[in-house]
């Protein structure tokens, strides 16, 4: 069973059977920073609600370059959340926008969470195959 939450420009889907949270980011280059932060809070709410085991972050159409100061802020709030739910794997589908992709990679690299296996992909099919490989079957409460 899947549960979907739609918020333009963020789509959040959760696969109950496998514990996979899929987020699809469709951000514009000129997205106001406060709107980006609101999207991030929706992302956080979905993690707190669903408690995923693994995540697919589809940033293919994420065109917003995350400012360095915001990357630091993201790390401060996301690191404890990822630790709390013991996320095992995170597949990231790379942005078509070079600068946005660099900012995403920098943000992820600065999380310093060696317990999460993170890989980057150029399409969702490859990301999905990888995320299902060796997926631990945990019962979702």
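The values are calculated or read from the model by the stated rules, or taken from the named source; none is laboratory data. Quick caveat: nothing in here was measured; it's all calculated off a predicted structure. Ideal geometry is used to build each Cβ from the backbone, glycine not excepted, and the neighbour counts take in all protein chains shown.
Quick look at the values:
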{"quantity": "Residue list for the range 89-125, filter: assigned to a helix (DSSP H, G or I) and either surrounded by fewer than 17 Cβ atoms within 10 Å (Cβ to Cβ) or on the phi > 0 side of the Ramachandran plot (or both)", "calculated": "98, 99, 102, 105, 106, 109, 124, 125"}
{"quantity": "Verdict on residue 61 being in contact with a strand residue (DSSP E or B) (Cβ under 9 Å, 6 or more places away or on another chain) and surrounded by fewer than 18 Cβ atoms within 10 Å (Cβ to Cβ)", "calculated": "yes"}
{"quantity": "Residues satisfying the stated conditions in the range 91-120, i.e. farther than 21 Å from residue 76 by Cα and more than 13 Å from the chain's Cα centre (by Cα)", "calculated": "96, 97, 98, 99"}
{"quantity": "Search result, residues across the range 67-88 that are surrounded by fewer than 22 Cβ atoms within 10 Å (Cβ to Cβ) and not in a helix (DSSP H, G or I)", "calculated": "67, 85, 86, 88"}
{"quantity": "Test: residue in the range 130-137 that is surrounded by 14 or more Cβ atoms within 10 Å (Cβ to Cβ) and at pLDDT 95 or above", "calculated": "yes"}
{"quantity": "Residue match in the range 48-56 (condition: touching a strand residue (DSSP E or B) at 6+ places or on another chain (Cβ under 6 Å), assigned to a helix (DSSP H, G or I) and modelled with pLDDT of 95 or more)", "calculated": "yes"}
